[in-house]
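The values are calculated or read from the model by the stated rules, or taken from the named source; none is laboratory data. Given the structure is predicted, the values throughout are model-derived calculations rather than measurements. Virtual Cβ from ideal backbone geometry, glycine too; neighbours counted across all protein chains shown. We work out accessible area using only protein heavy atoms, side chains counted, and drop any ligands, DNA or RNA first. Shrake-Rupley method; radii C 1.70, N 1.55, O 1.52, S 1.80 Å.
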Amino acid sequence: MNTFEFNKIAGAVLAGILLLMVIGEVAHFAVEPTHLDKPAYAIDTSSVASTEVASDDKKKPQDPPIGVLMASADPAKGEKIFKKCHACHNAEEGAGAKIGPDLYGILDRPKGSAEGFSYSSGMKEKGGNWTYEDLYHFLKKPSAFIDGTKMSFAGLKKPEDRADIIAFLRTLGKSDVPLPPAQ
Ligand code: HEC
């Protein structure tokens, strides 16, 4: 037997012993499980549960009423955010439709009423004029407010952004539309 062979055998024997030890340990746990009366680490789940609820609340915060936001909405900021809309909408009087209708004087305008624009049936059927409230909801997620809308725009998540845009839209020909109550 040369040293190389001896090493191989010794290695195999050692590996065998190790394996037996591992099996022994596992068997020990399997056959004699130790039950503790109390968990080794007491975890206060009540606080976990309450933070979970809190973080759920955070995920779905209630949007503040538009009336409250309008009090501090900034039309200049809204004009900047309107760049997102400008690809599809003109905002000047008589500029006409692009992909979407001209939004000049949109506040208090009957929904789906720009002349010559071919609206989706969802928009035509919605009814009523564009109030602050309706614009606030529509711009959050257009497809949720108008079934099958042609406006392929994801929406503006931030309530403040929507209020700023509405404040800007308000400067376009209809600034006398009374603001919703700030409550
Ligand atoms: C990808 C193009 C596109 C973008 C971007 C877009 N819109 Fe529109 N928008 C449309 C189309 C198309 C319609 C018509 C929807 C229909 O008929 O259902 C529309 C309709 C509207 C209406 C209703 C108009 C009416 O006459 O009743 C409003 C208000 C409006 N958009 C506001 C906005 C604002 C504000 C933004 C930016 C935050 C914006 N849109 C971004 C395409 C767009």
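Applying the selection to region 125-142, what residues are surrounded by fewer than 16 Cβ atoms within 10 Å (Cβ to Cβ) and acidic (D, E)? Of everything in region 125-142, those that are surrounded by fewer than 16 Cβ atoms within 10 Å (Cβ to Cβ) and acidic (D, E) turn out to be E125, E133.
Restricting attention to helices (runs of 4 or more DSSP H) lying wholly within region 87-165, give those where 3 or more residues are within 25 Å of P178 (Cβ to Cβ). Reasoning before the result, please.
On the way: elements: 121-126, 132-140, 142-145.
Counting at least 3 such residues, we get 132-140.
Would you mind stating whether S143 is more than 8 Å from the ligand (Cβ to nearest atom) and farther than 18 Å from Q62 by Cβ? Show your work before the answer.
Details: more than 8 Å from the ligand (Cβ to nearest atom): yes; farther than 18 Å from Q62 by Cβ: yes.
Considered against the rule, which asks whether it is more than 8 Å from the ligand (Cβ to nearest atom) and farther than 18 Å from Q62 by Cβ, S143 comes out as yes.
Among the residues making up region 63-85, those that are closer than 18 Å to F138 by Cβ, more than 8 Å from the ligand (Cβ to nearest atom) and not charged (D, E, K, R) are P64, P65, I66, G67, L69, M70, A73, G78. Inspect all residues belonging to region 143-156 and state whether any of them is among the basic types (K, R), open to solvent by 20 Å² or more (accessible area, probe 1.4 Å) and touching a residue at least 60 places away in the same chain (Cβ under 8 Å). Looking for residues that are among the basic types (K, R), open to solvent by 20 Å² or more (accessible area, probe 1.4 Å) and touching a residue at least 60 places away in the same chain (Cβ under 8 Å), one finds none in region 143-156, hence no.
Of everything in region 1-51 that is at pLDDT 70 or above and of a type in the set (D, E), the residue that is least open to solvent (accessible area, probe 1.4 Å) is E5.
Whenever a residue of region 1-24 is among the hydrophobic types (A, V, I, L, M, F, W, C), its partners that are in a helix (DSSP H, G or I), lying with C-beta atoms within less than 9 angstrom and at least six residues away or across chains, give the pairs M1/I9.
Within region 146-156, can you find the residues that are closer than 17 Å to D63 by Cβ and more than 7 Å from the ligand (Cβ to nearest atom)? Give the derivation first.
Filtering region 146-156 for residues closer than 17 Å to D63 by Cβ gives 154-156.
Selection gives A154, G155.
Any idea which residue in region 86-107 is surrounded by the most Cβ atoms within 10 Å (Cβ to Cβ), counting only those that are among the hydrophobic types (A, V, I, L, M, F, W, C) and more than 8 Å from the ligand (Cβ to nearest atom)?
Initial filter on region 86-107 (among the hydrophobic types (A, V, I, L, M, F, W, C)): 87-88, 91, 95, 97, 99, 103, 106-107.
When the remaining residues are screened for being more than 8 Å from the ligand (Cβ to nearest atom), the result is 91, 95, 97, 107.
Working: A91: 19, A95: 12, A97: 16, L107: 21.
Filtering first and then ranking leaves L107.
Find the residue count for region 108-128, including only residues that are within 9 Å of the ligand (Cβ to nearest atom) and either in contact with a Phe, Trp or Tyr (Cβ under 7 Å, 6 or more places away or on another chain) or free of Cβ contacts under 8 Å to residues at least 24 places away in the same chain (or both).
If we filter region 108-128 for residues that are within 9 Å of the ligand (Cβ to nearest atom), which is where we start, we get 109-114, 117-124, 126.
Right, trim to either in contact with a Phe, Trp or Tyr (Cβ under 7 Å, 6 or more places away or on another chain) or free of Cβ contacts under 8 Å to residues at least 24 places away in the same chain (or both) and you get 109-114, 117-118, 124, 126.
Counting residues in region 108-128 that are within 9 Å of the ligand (Cβ to nearest atom) and either in contact with a Phe, Trp or Tyr (Cβ under 7 Å, 6 or more places away or on another chain) or free of Cβ contacts under 8 Å to residues at least 24 places away in the same chain (or both) gives 10.
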